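Please read the structure below before turning to the comments.
The values are calculated or read from the model by the stated rules, or taken from the named source; none is laboratory data. These numbers come from a predicted model, not from an experiment. We place every Cβ from the backbone using ideal geometry, glycine too, and count neighbours over all the protein chains shown. The protein model used for the area step is the full one, side chains on, heavy atoms only, and it has no ligands, DNA or RNA in it. Shrake-Rupley method; radii C 1.70, N 1.55, O 1.52, S 1.80 Å.
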Amino acid sequence: MPAAVAAVYVLAGGLTLLALGATARHGLDDPGVALAFGLLVVVGELARWGGHGDREPAPLGAAGALAYALLGGDAGQPTQHGVPQVVALVVAATLIGCVPYVARGKGPSPDHVARRVLTVGFAAVLFQPLHSQGRLTQWFGEGASYALLVAGLLVLTALCDAVLAAAMAHARTRWPFGPLLRDELRAMLGIGSAVCATGAVMALAVSVAGLWALPVISLPLLLTQLAFRRYAAVRETYRQTIASLARATEIAGYTPHGHAHRVAALSRSIGRDLGLSGPDLTVLEYAALMHDIGQLSLLDPVARGATAGLGTAQQRRIALLGGAVVRQTGVDAQVAVVVERQADPYREQPLAARIVRTANAYDEMTREEGPQGPLAALERLRLSTGRDHQPEVVEALARVVAHPGLSLGSAG
């Protein structure tokens, strides 16, 4: 485990132990309010809509946790809970709500739980001490300025969470921090913005109207969550359709089993290493999946599907035909451009085409070289950087296949 990730775990674990100990000693303040928000977080976790790969798999649970951290009153009466109680309640409720998913092996990742603890603690530290001293009401009153303060603190907390998530991903993968942070910030514009808005409205509504406002405020977020779930399902179906098209060359006997998916996985990792993110990674992955589709135009399959060893003219013909097929499928035109440009000299190619070309050649070469295939393939690629492969892409490939999380035997 990277030292930075271990430090986050230790910090989150230490904060949790301190919060549970302090709450156990002093008891619960405003137990009715604590119970209501605890139940909300539990329900939010039970209604989670995704697994490890989702930016926020339990939006309602996150919104309820943040609202409790920034809660200053209940129906006009000031609340007394402090930072330790906020953290203790959120941790307990989150763990209770995750029990059914953990039993099925689909619980939240440790990274997600650690971030939840730290971000909720961060929000509570910013708000609760000043609230208990009466400073916030003194400085901002109880009108629009106070509402803007709560919304601003939630935005600041969301930014903190994005930085933390990007830093942990960078520590694990060594991918560039900037693109990882851009991806996290881009994700905030989706379900993240709904979580922040709902958390702010919950805290303000309960302060004015009381706990009955919680179910009313929760309903729009649940509907938004449903809409995002459907959108995610559509995107996954779209990707599976492209993956199925990519398997056409395998079924027809033109390429070895799993070749397109191995090239796609390698290409995406290389793209990450080189700083690509978001839509650019999606285009790269789709192009890698469909890079061999032009082979269906050949009368006879190339031996073992190894197009990297063909002449330039034949490679270009296959690439152009592949691009034409991709355009007919309705896939993004940028994907077709990448497929069409595979056979060009690398200095004339877009970066995505350079990456796919190198990943494809690597996968083909590892099959040819036997047990020493990965090392021999990298050496051959380094010797081909004069015309066929960009040196920076080859070195990124070397870093990717040397990473403990990716087996060198990618051609398996």
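Before moving on, here are some points about what is shown:
- Consider the stretch 310-324 and keep the residues that are hydrophobic (A, V, I, L, M, F, W, C) and open to solvent by 60 Å² or more (accessible area, probe 1.4 Å). The one that is farthest from the chain's Cα centre (by Cα) is Ala313.
- Matching option when the condition is open to solvent by less than 30 Å² (accessible area, probe 1.4 Å), more than 26 Å from Val10 (Cβ to Cβ), at pLDDT 90 or above and touching a helix residue (DSSP H, G or I) at 6+ places or on another chain (Cβ under 8 Å), among Leu89, Leu136, Leu71, Leu153: Leu71
- Those residues of the stretch 326-342 which are in a helix (DSSP H, G or I) and either touching a residue at least 40 places away in the same chain (Cβ under 8 Å) or open to solvent by less than 60 Å² (accessible area, probe 1.4 Å) (or both), in sequence order: Val326, Thr329, Ala333, Gln334, Val335, Ala336, Val337, Val338, Val339, Glu340
- Near pairs, Cβ below 6 angstrom, 6+ apart or cross-chain, from the stretch 157-175 (farther than 18 Å from Ala398 by Cα) to any residue that is crowded, with 21+ Cβ neighbours inside 10 Å and of a type in the set (Asp, Glu): Ala162/Glu184; Ala165/Glu184; Ala166/Glu184
- Within the stretch 240-254, restricting attention to residues that are touching a residue at least 40 places away in the same chain (Cβ under 8 Å) and surrounded by 13 or more Cβ atoms within 10 Å (Cβ to Cβ), the residue that is farthest from Ala187 (Cα to Cα) is Tyr254.
- Residue within the stretch 251-268 that is modelled with pLDDT of 85 or more and farther than 17 Å from Glu364 by Cβ present: yes
- Filtered residue count, the stretch 333-351, keeping only those that are within 20 Å of Arg272 (Cβ to Cβ) and within 26 Å of the chain's Cα centre (by Cα): 5
- Residue count, the stretch 249-297 (criterion: among the aliphatic types (A, V, I, L, M), outside any helix (DSSP H, G or I) and more than 20 Å from the chain's Cα centre (by Cα)): 2
- Residue among Val33, Val42, Val8, Val83 that alone is at pLDDT 90 or above, crowded, with 19+ Cβ neighbours inside 10 Å and more than 26 Å from Leu156 (Cβ to Cβ): Val42
- On the stretch given as the stretch 343-359, residues that are open to solvent by less than 10 Å² (accessible area, probe 1.4 Å) and assigned to a helix (DSSP H, G or I) total 5.
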